[in-house]
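**Q** My structure is below; once you've seen it, I'll send some questions.
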Amino acid sequence: MSGEPDDLPEAVRRVEIAALSRTLPFRVVRTATIARTAEEAAAAVSVEVGQIVKSLVFRTSETDRAVLLLVSGANRVDTRKLAALLGEPVERPDADFVRERTGFAIGGVAPLGSTRPLPVYMDRTLMGFDVVWAAAGTPFHVFETVPEALRVATYAEVVALS
């Protein structure tokens, strides 16, 4: 861990509290360099890009719902598959929408600890790794965990997203 709890940003503490309350095995690390992208995060923790969990927020076009996608850093979301899954068109929202619906800034959106409940869909590809890394609330904090435990802790539905 990166220091005493008082030293951590509020968003990171929120992620830690959510992880602990759901008994998610995890380890938060403060990266030496910014880790806003999957490539930056992979380099920061010396793993392959596929092991990075991109936490992406999408907005449904008709009902204005936010959904959280946990996607392998090596994959791109197929928005047609996502729209079919949700039963309506989807779009990438702006930064204000993401912050309002999750409490996180883009680049630090975590799989859990959002300020509002969100439906979560997890990329099936992530299940093929022993360990994955995800944002922990800021672009400088990530956490290590096990994919199945992350699925359980986030109540995610595992689907093909790419």
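**Q** If the Cβ limit is 6 Å and pairs must be 6+ apart or interchain, which residue in the stretch 78-90 that is touching a residue at least 60 places away in the same chain (Cβ under 8 Å) pairs with which residue that is surrounded by fewer than 16 Cβ atoms within 10 Å (Cβ to Cβ)?
**A** Pairs found: D78/S162.
**Q** Name the residue that is surrounded by the most Cβ atoms within 10 Å (Cβ to Cβ), counting only residues in the stretch 103-125 that are within 18 Å of F26 (Cα to Cα) and of a type in the set (G, A, S).
**A** A110
**Q** G107 fails exactly one of the following numbered conditions: (1) at pLDDT 95 or above; (2) farther than 23 Å from L20 by Cβ; (3) in contact with a Pro (Cβ under 6 Å, 6 or more places away or on another chain); (4) not basic (K, R). What is the number of that condition?
**A** Looking at each condition in turn, G107 falls short on (1).
**Q** With the requirement that a residue be open to solvent by 60 Å² or more (accessible area, probe 1.4 Å), in contact (Cβ under 8 Å) with a residue 60 or more places away in the chain and over 21 Å from D123 (Cα atoms), what does the stretch 14-25 give you? Reasoning before the result, please.
**A** Let us first name the residues in the stretch 14-25 that are open to solvent by 60 Å² or more (accessible area, probe 1.4 Å), namely 17, 20-23, 25.
Add one more test, that the residue is in contact (Cβ under 8 Å) with a residue 60 or more places away in the chain, and what stays is 17, 22-23, 25.
Of everything in the stretch 14-25, those that are open to solvent by 60 Å² or more (accessible area, probe 1.4 Å), in contact (Cβ under 8 Å) with a residue 60 or more places away in the chain and over 21 Å from D123 (Cα atoms) turn out to be I17, T23.
**Q** Next question. Out of T115, T63, T125, report the one residue that is modelled with pLDDT of 95 or more, part of a helix (DSSP H, G or I) and polar (S, T, N, Q).
**A** Every option except T125 fails the conditions.
**Q** Separate question: Are any residues in the stretch 83-107 in contact with a Phe, Trp or Tyr (Cβ under 8 Å, 6 or more places away or on another chain) and part of a loop (DSSP other than H, G, I, E, B), and if so, which ones?
**A** Hits for the stretch 83-107 are R92, P93.
**Q** Can I ask one more? Every residue in the stretch 26-60 that is of a type in the set (F, W, Y) and open to solvent by 10 Å² or more (accessible area, probe 1.4 Å), please.
**A** The answer is F26, and nothing else.
The values are calculated or read from the model by the stated rules, or taken from the named source; none is laboratory data. Just so it is clear, the model here is predicted, and its values are computed rather than measured. Positions of Cβ are backbone-derived with ideal geometry, glycine not excepted, and every protein chain shown enters the neighbour counts. Please note that ligands, DNA and RNA were not included when accessible areas were found on the heavy atoms of the full protein model with its side chains. Shrake-Rupley method; radii C 1.70, N 1.55, O 1.52, S 1.80 Å.
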